[in-house]
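Working notes, beginning with the structure itself.
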Amino acid sequence: MQAIYCLHALLVGRSLGNERADQLAKDATQHGQPYSLIKLPKPHIKGLLRKSMLEEWQTSWKNGDIGRKVYNIMPSVSLRPTNWIREDVIFFSQHGPFPASLRRFHLSDSDYCSCGGIGTALHYATECIYTVSWHMRSQRQTSNKNG
Ligand SMILES: [Zn+2]
């Protein structure tokens, strides 16, 4: 029951200010009694929890060590799905059937491509001699080629 009071104190505290929330949480812990008869509407509580969760997620995403390439493209977290297609996800996450990825997950002994380069998604998309016809081109290269 104290946990509920503490949660309530946290939620109310978001509305009232941190000092007040700390005091309310302390009261609830020490006395085990409801500190307040304030009833918050359920959508308001859900909104506060969602905001708190998103802030924590954003901090974790900003300060994390993994997924930095995706972070550079999408620095903000969101509950809305991206409109990335499967190939986008594989390319930007580097989680796909590439030697470098397979080696990272201990599914292969080597991260080398058959051409001798390191087999990353970027390698196949830009420099591998075996995938030249699928290479990505810059806007300038494409417009020069088309006249
Ligand atoms: Zn290659």
What nm value, rounded to one decimal, do you get for the distance between Ser108 and Lys62 when each label is placed 7 Å out toward the C-beta? 3.7 nm
Taking loop as defined by DSSP and a crowding limit of 11 other beta carbons within 10 Å, which chymotrypsin sites (Phe, Trp or Tyr not before Pro) in the range 70-141 fit? Phe105
Under 28 Å Cα-Cα from Lys51, which lysines qualify once same-chain neighbours fewer than 8 residues away are excluded? Lys26, Lys39, Lys42, Lys62, Lys69
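Please give the FRET efficiency for Lys69 paired with Ile38, using the beta carbon to beta carbon distance and R0 = 41 Å, rounded to the nearest 0.05. Working shown, then result.
Details: r = 46 Å, r/R0 = 1.11.
The formula returns an efficiency of 0.35 here.
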³J(HN,Hα) computed for each position of the range 100-108 - Karplus, 6.51 cos²θ - 1.76 cosθ + 1.60, integer Hz, glycine/proline x: 4, 5, 4, 5, 4, 9, 6, 9, 8
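Rounded, prolate or oblate: which fits the range 94-139 when a ≥ b ≥ c are the square roots of the eigenvalues of the alpha-carbon gyration tensor, with rounded for a/c under 1.5 and prolate only if a/b beats b/c? Working shown, then result.
On the way: a/c = 3.23, a/b = 1.87, b/c = 1.73.
It comes out prolate by the Cα gyration axes.
For Gln94 and Arg80 in the same chain, what is the full-extension length gain: residue separation times 0.36 nm, less their Cα-Cα distance, in nm? Before the final figure, lay out each step's value.
Numbers: separation 14, 0.36 × 14 = 5.04 nm, distance 2.16 nm.
Gain on stretching Gln94 to Arg80: 2.9 nm.
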Checking the range 48-92 for trypsin sites (Lys or Arg not before Pro) in a loop per DSSP with at most 12 other beta-carbon atoms within 10 Å yields none
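Taken together, the values in this text are just the output of simple stated rules run on the coordinates, not laboratory data. These figures come from a predicted structure and were not determined experimentally. Backbone-built Cβ (ideal geometry, glycine too); neighbour counts: all protein chains shown.
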